[in-house]
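Take a look at the structure below.
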2 protein chains.
Amino acid sequence: MDVFKFVSPEIIFGPGTATECGLSASRLGAKRVFVVTDRGVHASGWLERVLGSLNDNGLECIVWKDVSPNPKDYEIYCGVNKYIDNKCDSLLAVGGGSPIDAAKAVALLVSNGGKLSDYEEIDSITRPLPPIVAVTTTAGSGSEVSQFSIIVNAPEKRKMTIVSKSLIPYISIHDPQLLETLNNQAMIYSGVHVLTHAIEAYVSKGATPMTDLFALNAITLAADSLRLVKGGKRSTDLNQSMAMANLNAGLAFSNAILGAVHAITHQISGWLDIPAGMVDAVLLPHVVEYNLPANPLKYARIAEALGEKVTSVQNGADKVIPAIKNLFAVLELPDKLSDLGINMKLYPLLAENITKDICLVTNPMNIGLNDVIDLLGRAC
Amino acid sequence: MDVFKFVSPEIIFGPGTATECGLSASRLGAKRVFVVTDRGVHASGWLERVLGSLNDNGLECIVWKDVSPNPKDYEIYCGVNKYIDNKCDSLLAVGGGSPIDAAKAVALLVSNGGKLSDYEEIDSITRPLPPIVAVTTTAGSGSEVSQFSIIVNAPEKRKMTIVSKSLIPYISIHDPQLLETLNNQAMIYSGVHVLTHAIEAYVSKGATPMTDLFALNAITLAADSLRLVKGGKRSTDLNQSMAMANLNAGLAFSNAILGAVHAITHQISGWLDIPAGMVDAVLLPHVVEYNLPANPLKYARIAEALGEKVTSVQNGADKVIPAIKNLFAVLELPDKLSDLGINMKLYPLLAENITKDICLVTNPMNIGLNDVIDLLGRAC
C-alpha cells in the first residue's frame, strides 16, 4: 500500500436538502452570495427554491445565470467582473457540472488572479478561495465533490482541466428531488458519465483502498439504475440511487483522478458541445480493451459489479468488455465516433490536445500520441 | 433513504507520513503549535520525529506530554492554561485516543470558554476552534477522524461524551509505521475496539449508505487482522491493514454514532482505567443479542464480514453471536465483567451514568435503565 490522501467536502444528502443551502452558506460566513447557475436550472424552477433559502437566512444574492454547457473561459472572465463589481464574498453553484465548474473557476480567479491557463498544473493554486456551496441538479459530473474544474479554452478550442484540493466546495448538497425535472435521455447520458467516472477511478494509477470502496459501489449502483431508467421505472428511489451513484463516483475520481476516456471525452465534448456521456459510451469499450492488461483482477471485479457471474480473474477479465457493450446496447447508445458527427480530419489536432490532458497521467497503461490516434481510429 | 450528512477530515495515510505534520500545520496557518501527547508516545521515540517535522517547517512548539489514559477534566483545564500562557494558535495531537481527545477538549475551551460539561449536548459548540492536526500512534480510537471527545468528569467519576463536527481535526495523519512500537496485546485490545466501532456504527440508528460502506469494510479488515496478530504474524502489511481498519471504522462511527457497547464501555473503562477493548469484548456478544431483533439482515451481513458462510438472513443472524464469541475466544479475551475486577455493587450508579451517554440514542433497540442493569447482570 502506498501513501495516499483523501479529501471530501461536507456532504448533505437527501430529498428536500436543497433548502439547506442558505444555512450552509451562512455557516461559512457568507453575507453576499454570488449564485452561479444556467438557464436550464432557472427554467426548471429549482432556482427559486434555492434563492428562497438564501433569503430566509438573511443573505443577499447576485444571480449569474448565463453559464453555457461546457463553459468557456471568456464567460468566466465576465463572471469574475460581476463578482468583484457586486462585492460578493462567497459562491453558491446550482446546476450540473457546467455551473459548478464555472463557480470554481470564478472563485479561483477572484482570489488568486491571473488567467485560467496559469493553473493547468496540479496544485498550482496558492491562496485560499472564497467559500463555495454546491447544489447539484444532475447526477453526472461529480463536480460538487471534486477537485476538478473543466473550462473550454475558446481561442485554442480545447478543454482545460484544473485540479486542486482548493477547488473542492466546502459543502456539497445532493437533493435527489432535483433530478425529477431531468428527462430519461438526459439521465442516461449523465448516468453513463457516472459509470465512466467510477470505472476510470477504480483502475486509475491514483486509486487507493478508500477510492476503490466508493468506485466499486458506484459501478453497481449506476449500472443497476441505468437499466431501470431505460426500462421506464423512474421513481423517487431510483432518483436517490442515481444521486448516490454520482456521489460515490465523484468521491472516487476526485481522489483517484481518471484516465484516457476522460482525456478524450473532454476534448471531443468541448469541440462538439455534446453531452460527455454520449462520447464516453463510444470510447469506454475501446479504452478498457487498451487498459485491460494493466490490471485483469480489477477489470474482473468490474465485470462482477456490472452483474456478471465471475469464476476466475481470467473469466472476469474476458467478460468485462461484453458486459459494458451489452449495457450500452440496452441503453441504445451510439458506438461510433462517426455517429457523433466528428470529422476524422480533426483527429491529429484532437489527439494533440488529448495528450495535454492531466487525466492521461493516471491512466493504468502509459499512453502516447500514437496510441491516442490509434484509439480514435478504432472508435471511428 | 433518509437525509444524511457526512463529514471527514483531510486524510493522509501511509508509511512515513508522520513527517507531513509540520507542512500540514503550516498549511493551516499555524505559527505556535501546542503539541499534545503522553509519556508513552514520548518514550516510544515517535515524538522526536514529529517535532523534527514542525521544526523543519519553521514552527514553534510547546509540548504538553502529561495527558493520562482516559484523560480527566482537571488535566484539560491545566492544558488550557498552558495553551493560553504560551500564546499558541493551533494544536498537534500525537497519540492514541487520549491525547487526541484531550487536544480537542483544549481547543474547544480556548475558543468557546466555559467548562466541558457545558458541551454534552450534540452540536452545542458555536465558535470555530483553532486548527487541529492529529497523528494517531494506535489503531483503536478513531478520534483522529471523529466528531467525538471523551473526557472523564473526575468529581462525578463518569465519562462525558462531547460530539460536534467542530471537533473533527482539520488533517488526520495515519502512519502505520507508528504501530511498530505497540505490542501484540495492546494491538489486540485496540483492534477489538475498532471492530466494536465498526459493528455498532453499522447497526446504528444513524447509519447511512456512506457509513455502511466503511463499517462493513472495517469489520472484515479488523477481524482478519486480529487473527493474524494473535497468530504472531506482525508485519508491515498487517500494521497497514490494522491502520486501514481503524480509519474506516472511525469514519463510520464519527458519522453514524455508536450504541450500547460504547455507552457502557465509556463508563466502565473510565471507572477502572483499563483499555476500552477489554470491556468491549465482554459486552459485545450480550449487546448483539439484545439488538439482533432490530435488524437481522444487517447482523447477517456482519456474520458474513466476519468470515461465516451465510445462506439466508436467518442463517446469518443465527451465526453472528457464535462468530463474535469464537473470534474473542481465539484472541483469549475476558468474557465476564467480574474478570475485570468490577464490583457488582457499582452497577446501579454505573447504569445511571450509562443512560446519560449520548451513544445510547443511536442504539438500534431502545434501551432504558432497567435494560442496562439487565445487560450488566448478563455480562457479569
Please list A:230-241, B:40-51, B:130-141 highest first by mean number of surrounding beta-carbon atoms within 10 Å per residue.
B:130-141, B:40-51, A:230-241
Which of the aspartates and glutamates could a cross-linker bridge to B:Lys298, judged by Cα under 15 Å and excluding same-chain residues fewer than eight apart?
B:Glu200, B:Asp212, B:Glu289, B:Glu308, B:Asp318
Highest-MSF residue in chain B out of B:Lys65, B:Lys87, B:Lys356 [GNM, Cα springs under 10 Å]
B:Lys87
Anchor A:Lys345: lysines whose Cα lies under 16 Å away (excluding residues fewer than 8 positions away in-chain)
A:Lys157, A:Lys336
What is the distance in Å between the Cα centres of segment A:147-199 and segment A:40-73?
17
Looking at the protein assembly as shown only, what percent of DSSP beta bridges run antiparallel? Nearest 5 please.
30
Please average, across the residues of B:207-213, the number of beta carbons from any other chain that are within 10 Å of each residue's own beta carbon, and give a whole number.
4
Tilt, helix B:209-230 to longest principal axis of chain B (alpha-carbon atoms), in degrees rounded to tens, equals 90
Potential lengthening between A:Glu121 and A:Lys157 on full extension [0.36 nm per residue; Cα-Cα distance subtracted]
11.1 nm
To the nearest whole number, what is the average tally of beta carbon atoms from other chains within 10 Å of the beta carbons of peptide B:92-102?
0
I want to check the label-to-label distance for B:Thr236 and A:Lys165. Put each point 7 Å from Cα in the C-beta direction and report it in nm to one decimal.
2.5
Under a plain spin-label model, where a point goes 7 Å from the Cα along Cα-to-Cβ, how far apart in nm are B:Ile373 and B:Asp85?
4.7
Using alpha-carbon positions, what is the distance between the centroids of segment B:246-264 and segment B:10-34, in Å?
25
Could you work out the pair-distance distribution P(r) of the protein assembly as shown from its alpha-carbon pairs, with 10 angstrom bin width and percents rounded to whole numbers?
3, 14, 23, 25, 20, 11, 3, 0, 0
Per residue of B:217-224, how many C-beta atoms from partner chains lie within 10 Å of its own C-beta, taken as a mean?
1
Would you list which aspartates and glutamates come within 15 Å of A:Lys356, measuring only between C-alpha atoms, while excluding same-chain residues fewer than 8 positions from it?
A:Asp118, A:Glu120, A:Glu121, A:Glu156, A:Asp371
Using a label point 7 angstrom from Cα along Cα-to-C-beta, what distances in nm, from shortest up, separate A:Ala294 from the other copies?
4.4
Tell me the distances, shortest first, between B:Glu121 and the same position across the other copies, using label points 7 Å along Cα→Cβ, in nm to one decimal.
5.1
Gaussian network model of chain A, Cα springs within a sub-10 Å range: biggest mean-square fluctuation belongs to which of A:Ala186, A:Ala102, A:Ala198?
A:Ala186
On complex formation of B with A, accessible surface lost, both sides summed, probe 1.4 Å, nearest 100 Å², amounts to 2400
Compute the acute angle (0 to 90°) between the alpha-carbon long axis of helix A:313-330 and the principal axis of greatest extent of the alpha-carbon atoms of chain A; round to the nearest 10°.
60
Place a label point 7 angstrom from the Cα of B:Ser312 along the Cα-to-Cβ direction, then list the residues of segment B:265-293 whose backbone nitrogen is under 20 Å away.
B:292-293
Of the heavy-atom accessible surface of segment A:10-178 (probe 1.4 angstrom), what whole percent is carbon and sulfur?
49
For B:Tyr83, B:Tyr77, the accessible-area ranking with a 1.4 Å probe, largest leading, is B:Tyr77, B:Tyr83
With eigenvalues of the C-alpha gyration tensor scaled by 5 and rooted, segment A:1-152, Å:
23, 19, 16
Give me the percent relative contact order of chain A, please, defined on Cα pairs under 8 angstrom at least 6 residues apart.
15
Quick check on packing: order B:357-365, B:116-124 by the mean number of other C-beta atoms within 10 Å, highest mean leading.
B:357-365, B:116-124
Tell me the distances, shortest first, between B:Lys157 and the same position across the other copies, using label points 7 Å along Cα→Cβ, in nm to one decimal.
8.2
Options B:Ala245, B:Val194, B:Pro334, ranked by Cα towards positive dipole end of segment B:184-378, top entry (Cβ charges):
B:Ala245
Test of understanding: in a Gaussian network model of chain B with alpha carbons linked when under 10 Å, which of B:Val67, B:Val282, B:Val310 would top the mean-square fluctuation ranking?
B:Val310
Leaving out ligands, DNA and RNA but keeping every protein chain, what accessible area does A:Glu60 have, in Å² rounded to the nearest 10, with a 1.4 Å probe?
100
Can you work out the FRET efficiency for the pair B:Asn326 and B:Asp66, with r the C-beta to C-beta distance and R0 = 45 Å, to the nearest 0.05?
0.65
Filter on A:Lys72/A:Lys104; A:Lys233/A:Lys319; B:Lys230/B:Lys319; A:Lys5/A:Lys165 - keep pairs with C-alpha separation over 18 Å:
A:Lys233/A:Lys319; B:Lys230/B:Lys319
For segment B:171-314, what is the relative contact order in percent, using Cα pairs closer than 8 Å and at least 6 residues apart in sequence?
31
Compute the signed sum of charges (Lys and Arg +1, Asp and Glu -1) over the other residues within less than 11 Å, Cβ to Cβ, of B:Gly14.
-2
For the pair B:Leu349/A:Cys78, report the inter-label distance in nm, with labels modelled 7 Å from Cα in the Cβ direction.
7.3
How high is the relative contact order of segment A:10-178? Use alpha-carbon pairs under 8 Å, at least six apart in sequence, and give a whole percent.
29
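The values are calculated or read from the model by the stated rules, or taken from the named source; none is laboratory data. As the structure is a prediction and not an experimental result, all values here were calculated from the model. Positions of Cβ are generated from backbone atoms using ideal geometry, with glycine treated the same way; all protein chains shown enter the neighbour counts. Heads up: the accessible areas ignore ligands, DNA and RNA and are worked out on the full protein's heavy atoms, side chains in. Shrake-Rupley method; radii C 1.70, N 1.55, O 1.52, S 1.80 Å.
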